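Notes for the one structure printed next.
FYI, it's all coordinate maths here, none of it is from the lab. Worth saying up front: this structure is predicted, and the values here are computed from it rather than measured. Here the Cβ is made from the backbone with ideal geometry for all residues, glycine too, and neighbour counts use every protein chain on show.
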Amino acid sequence: MSSKDNELNKNKQPLLEHLIELRSRIIKTMIMIIVFFIFFYIFADNIYNFLVKPYANAVAGEEGRRLIFTALHETFFTYIRVAIFASLFVSLPFLLIQLWIFIAPGLYKNEKNVVLPYLLATPILFILGSALVYYLIMPLAIKFFLSFESIGGNGALPIQLEAKVNEYLSLIMRLILAFGLCFQLPVALTLMARVGLVSSEGLKKNRKYVMVGVFAVAAILTPPDPISQIGLGIPILLLYELSIIAVSFIEKRKNS
């Protein structure tokens, strides 16, 4: 065997080892997600009650309030979706840990010091976005939509909300996911700044376009009500401003 063939084999071996390790990490993550899914499906009714609580609190004290389902299988598949959602939500830190274990051996000490804060900030920001939905946006949005009800009278029929189980849960889970992902903006922008893709001056110059873009995205991701759209848009703009400060700090450290 020639020296060239030996060199190719040496290059292929580490790559093969990395691919095997990556597969192992993915399998472990999938197993963890499945285990969480089984666990959360057993307690799906408790998770359901937790997710429905904003609606229950908004209509507390009102007679006849309920959530309905109109298909025989609707509640069953709703519980499955709730279990999948909860398992993915809880598995995020485990996924990031597996990612860190995979990439850490190939990093220098200074690179580890850079990457680790991002891995810690990602789940924290996701949870903050989710909490904003659960404790503020959903209660306000529910109150807003309930304000369009009418009691009828004088020959007019009353208008009352009969919310479907799957539609309500789809809405709150979609909002939690949307807010959680949008709250990753500082992580994305500061990482891009470290590799030279964005600068603080560029972010400042594009502020007006970002403002329009943020509210356009908010209009797509949220229900057609101003509360949800403003509730997503304003925090994202604040995070954008914080990102500019963080990027400026990174640039100063690079230049010092």
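Report summary: the helix-based calculation at 222 nm, which adds -39500 (n - 2.57) for every DSSP H run with n ≥ 4 and divides by the residues of the chain, gives -26500 deg cm²/dmol.
The peptide list 239-248, 161-170, put in order of mean Cβ contacts within 10 Å with the highest first, becomes 239-248, 161-170. For the listed peptides 47-58, 25-36, a ranking on the average number of other beta carbons within 10 Å per residue, highest first, reads 47-58, 25-36.
Computed from Cα positions, the angle between helix 44-58 and the longest principal axis of the chain comes to roughly 60 degrees. Averaged over residues, the count of other Cβ atoms within 10 Å places the peptides 77-85, 228-236 in the sequence 228-236, 77-85, highest first. Computed from point charges on the beta carbon alone (+1 for Lys and Arg, -1 for Asp and Glu), the dipole magnitude for the chain about its Cα centre is near 980 Debye.
FRET efficiency for the Met30 to Glu241 pair, using the beta carbon distance and R₀ = 45 Å, is estimated at 0.75. Enumerate the amide H contacts of Lys164 below 5 Å, restricted to partners 5 or more residues apart or on another chain; note that Pro and chain-start residues carry no placed amide H. Answer set, sorted by chain and number: Ile68. Return the FRET efficiency for the residue pair Leu161, Asn206: r is the Cβ-Cβ distance, R0 is 41 Å, and the value is rounded to the nearest 0.05. After rounding to 0.05, the efficiency reads 0.50. Quick check: the angle from helix 185-194's long axis to the longest principal axis of the chain, C-alpha only, nearest 10 degrees? Helix 185-194 sits at roughly 20 degrees to that axis.
If a/c stays under 1.5 just call it rounded; otherwise compare a/b with b/c (prolate if a/b is bigger, oblate if not). Do that for the range 67-179, with a ≥ b ≥ c from the square roots of the Cα gyration tensor eigenvalues. Verdict is oblate for the range 67-179. Taking label positions 7 Å along the Cα-Cβ direction at both Leu22 and Ala131, the computed distance is 3.5 nm, reported to one decimal. Restriction of the GluC sites (Glu not before Pro) in the range 19-72 to DSSP coil positions whose beta-carbon has at most 14 other beta-carbons within 10 angstrom yields Glu62, Glu63. Mind scanning Lys53/Lys143; Lys28/Lys53; Lys112/Lys254; Lys112/Lys205; Lys208/Lys254 and naming the pairs with a C-alpha gap bigger than 22 Å? Cα-Cα > 22 Å for Lys28/Lys53; Lys112/Lys205; Lys208/Lys254; rest within. Using the alpha-carbon atoms, what tilt in degrees (0 to 90, nearest 10) does helix 165-182 show relative to the longest principal axis of the chain? Tilt relative to the chain: about 40 degrees.
Of the listed values (i) 0.96; (ii) 1.32; (iii) 1.04, grab the one calculated as Cα Rg over 2.2 N^0.38 Å from the structure here. Comparing each candidate, only (ii) matches the computed number. Inter-label distance, Lys143 to Arg65: 1.2 nm, where each label sits 7 Å from its Cα along the C-beta direction.
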